[in-house]
Amino acid sequence: MQRGWRDAKSVLALLVFPAGISYKSGMTELSPTAPPDADILVLGAGPAGMLCALMAARKAKAAGIRRDIVLVDQDRTMARKLRASGGGRCNCTNLHAAPGNYLSKDPRFTAQALKRFPPAQFLALLKELGLSAHEEDQGKMFCDQGAQALAEALEKACRKAGCRFLPGRAVTGLVPPAEPGGLFRVDTEHGALFAPRVALALGSPAWPALGGTDVVARLAGMLGLPHIPARPALTPLLLSGPDLDLCRELSGLSVEARLSLAGGGPECGSASVTDSLLFTHQGLSGPAALRLSSRWRRGEEIVIDLAPGTDLPALLRRPDKGKALARTIVAGLLPRRLAEARLAGLPPGLADRRVAELSRAELDALARCLNHWRVTPKATAGMARAEAASGGLDTAAFSARTMQCKAIPGLFALGEALDVAGDLGGFNLHWAWASGFAAGQAI
Ligand SMILES: Cc1cc2nc3c(=O)[nH]c(=O)nc-3n(C[C@H](O)[C@H](O)[C@H](O)COP(=O)(O)OP(=O)(O)OC[C@H]3O[C@@H](n4cnc5c(N)ncnc54)[C@H](O)[C@@H]3O)c2cc1C
């Protein structure tokens with residue numbers, strides 16, 4: 001096998017810490033400066049990379065084959081996003097995971113992987129790792145022991161299966177083999193690594209403070225692979241002017257609301273969501289705003305229904321409501337602070353008149369202040385606070401069954417590195433598991 005790049009410093013490091021011997025644990029960790037060769041290099045030790053490595057190691061062991069699997073990561077702490085997921089509570093999967101929960105140029109791409117690794121299979125793996133999960137609303141499963149415990153259990157399982165970790169090595173380049181069956185060259189900040197098979201699990205640029213980088217776009221350029229520009233997803237919506245003033249007044253308040261894109265939204269995914277909406281000092285957040293942000297385009301209006309499921313025109317026309325003041329009806333539907341804030345936008349005096357006395361136009365205005373509040377965000381909070389990113393490696397270049405690149409055999413891509421972005425609710429982590437499993441079986 002072709003040997004990796006080696007300079008005087010790394011030779012010295014090898015003398016002090018021979019490859020495969022950790023200076024930390026004395027067990028299976030490589031020296032950050034030693035240039036290992038491996039059978040499989042998994043680039044990125046996030047949830048997708050670790051699941052892929054674990055599955056590949058177990059499959060090889062079951063077949064009686066010895067395979068050297070090395071996970072390379074820029075960080076010293078593996079899977080930082082996983083550790084922070086769900087605010088540390090880790091919404092690790094969703095019982096209803098299906099292609100419709102994902103934004104992608106080709107939403108059907110996820111179907112095979114989701115079918116082969118359904119949520120029940122992930123929950124079985126969790127149990128095997130000594131962990132458990134419970135269901136909250138809408139099929140969301142949370143790890144009972146928390147996000148840190150899951151990240152640590154996965155890392156431990158990988159090590160136990162014989163995988164090695166190479167932390168503190170930022171990947172900077174990738175060169176495919178010159179001829180079939182040759183070696184990939186992975187350039188890192190500390191020299192090159194060589195292997196016949198490479199799994200690209202480097203995530204997306206979302207939330208850079210937790211390790212998100214744009215390296216996948218750069219590697220795609222080097223490899224000549226189609227890449228869809230990354231956009232922030234699941235990120236708060238920033239408002240300005242009077243709408244922002246109102247959000248600031250209501251900061252900390254959370255209500256159930258239906259948010260819709262006035263323009264109808266892009267081709268895939270729903271253009272409206274009903275979920276919990278949180279007012280903040282910057283605008284709108286909470287699940288409803290985060291979920292709609294993935295589909296929102298700059299300049300587009302959002303229509304907010306603060307009384308979803310209530311047919312307001314019908315309610316206002318009910319004979320038994322005729323004697324009620326408009327203010328009383330609104331106060332019965334919304335928290336007091338929000339009711340007062342919305343009523344302040346009505347023509348003077350309207351809120352204090354009886355509903356039966358209102359003209360059709362005034363009734364319409366009253367209904368609209370509740371179910372048709374139109375706002376135009378000035379921007380999203382961007383990648384800095386995006387829980388995911390849409391875009392990534394174009395799935396058309398990869399097999400939906402194995403995640404292998406059609407044009408470059410031996411190269412696999414998984415997780416958020418691909419153009420697949422899940423909805424809020426455990427769908428992103430489930431994609432990491434399902435695509436990691438598919439690649440781990442095939443690599
Ligand atoms: C704050 C937050 C909360 C979230 N909560 C949830 C949740 O509750 N449920 C859910 O389903 N999803 C959640 N997500 C999304 C989920 O964490 C991601 O979709 C998932 O981690 C993607 O997995 P991945 O393995 O593809 O990528 P990542 O987890 O991003 O892993 C990629 C790995 O590659 C490494 N890397 C990046 N660039 C380089 C480089 N140049 N060289 C070497 N290594 C590199 C990174 O250090 C990282 O370890 C959350 C995300 C965030 C940011």
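Bear in mind that the values in this text are calculations on the coordinates, not laboratory data. This structure is a prediction, so every number in the text was calculated from the model and none was measured. We place every Cβ from the backbone using ideal geometry, glycine too, and count neighbours over all the protein chains shown.
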Pairs K321/K378; K59/K156; K140/K160; K81/K160; K105/K127; K81/K406: which exceed 27 Å Cα-Cα? K321/K378; K140/K160; K105/K127; K81/K406
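Based on DSSP H runs of at least 4 residues, each adding -39500 (n - 2.57), what is the mean residue ellipticity at 222 nm of the chain after dividing by all its residues, to the nearest 500 deg cm²/dmol? Each step should come with its number before you reach the end.
On the way: 14 runs with 136 residues, N = 443.
Theoretical 222 nm ellipticity from helices: -9000 deg cm²/dmol.
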Ranking of W296, W433, W207, W373 by count of other Cβ atoms within 10 Å, fewest first: W373, W207, W296, W433
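How high is the relative contact order of the chain, given as a whole-number percent (alpha carbon pairs under 8 Å, six or more residues apart)?
Details: 1014 pairs, mean separation 97.7, N = 443.
22 percent.
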Within 14 Å, Cβ to Cβ, of A339, how many net charges do the neighbouring residues add up to if Lys/Arg are +1 and Asp/Glu are -1? +1
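What is the sum of charges around L306, taking Lys and Arg as +1, Asp and Glu as -1, for the other residues whose C-beta is under 10 Å from the C-beta of L306?
Surrounding charge for L306 is 0.
Grab the other residues whose beta carbon is less than 13 angstrom from that of D75, score K and R as +1, D and E as -1, and report the net. Please report the intermediate quantities before stating the final value.
On the way: positive: R76, R80, K81, R83, R169; negative: D73, E155, E189.
Value of the local net charge: +2.
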Sorted largest first, extent of the chain alpha carbons per principal axis (Å): 89, 41, 37
Stretchable slack from D75 to R58, in nm (0.36 nm times residue separation minus alpha-carbon distance): 3.6 nm
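State the extension gain, in nm to one decimal, for the chain segment bounded by A149 and H281, taking 0.36 nm per residue of separation less the distance between their alpha-carbons. Before the final figure, lay out the partial values.
Details: separation 132, 0.36 × 132 = 47.52 nm, distance 3.29 nm.
Taking 0.36 nm per residue and subtracting the Cα distance, the gain is 44.2 nm.
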Between the range 326-354 and the range 40-107, what is the C-alpha centre distance in whole Å? 50 Å
Can you list residues from other chains, or at least 5 along the same chain, whose modelled amide H is less than 5 Å from the amide H of A195? F184, V186
